[in-house]
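Asks: My structure is below; once you've seen it, I'll send some questions.
The values are calculated or read from the model by the stated rules, or taken from the named source; none is laboratory data. Because the structure is a prediction, the values reported are computed rather than measured. Every residue, glycine among them, receives a Cβ derived from its backbone with ideal geometry; neighbour counts consider all protein chains shown.
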């Protein structure tokens, strides 16, 4: 792929559409993980500031409709998947098709 005018480091070295899709999936996974972390942090702070605050039924994938917290059908699978994942695993896996750049290789010297 030819480099674009505003090409960023995360796309440099990709040569196929599949590699680009894998890298975008990786980046979106990181963004989602960061948003969930922020949401959970905000809820935790509210619980400290407002002891006894009812937080049951709240969730990252939920929204307020007509004064009620609801889980839209299109988000039900996402919430179930989140529930099944381990809470401390916040870093998505690196895509298999993207080779690490030289500056990302750890513990390797000139001997390989």
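Asks: Name the one entry in 37, 31 that is within 17 Å of the chain's Cα centre (by Cα), free of Cβ contacts under 8 Å to residues at least 12 places away in the same chain and outside any loop (DSSP other than H, G, I, E, B). Let's see the steps before the verdict.
Replies: Details: 37 fails: free of Cβ contacts under 8 Å to residues at least 12 places away in the same chain.
Sole residue among the options that is within 17 Å of the chain's Cα centre (by Cα), free of Cβ contacts under 8 Å to residues at least 12 places away in the same chain and outside any loop (DSSP other than H, G, I, E, B): 31.
Asks: Return the only residue of 86, 74 being closer than 22 Å to residue 25 by Cα, at pLDDT 90 or above and either exposed (fewer than 12 other Cβ atoms within 10 Å of the Cβ) or in contact with a strand residue (DSSP E or B) (Cβ under 7 Å, 6 or more places away or on another chain) (or both). First the steps, then the outcome.
Replies: Working: 86 fails: at pLDDT 90 or above.
Unique residue meeting the criteria: 74.
Asks: I'd like the residue in segment 4-28 that is over 17 Å from the mean Cα position of the chain (by Cα) and assigned to a helix (DSSP H, G or I) and, out of all such residues, is surrounded by the fewest Cβ atoms within 10 Å (Cβ to Cβ). Please lay out each step first, then the result.
Replies: At the first step, the residues of segment 4-28 found to be over 17 Å from the mean Cα position of the chain (by Cα) are 4-9, 11-19.
Then drop every residue that is not assigned to a helix (DSSP H, G or I), which leaves 17-19.
Values: 17: 9, 18: 12, 19: 18.
Checked segment 4-28; the qualifying residue surrounded by the fewest Cβ atoms within 10 Å (Cβ to Cβ) is 17.
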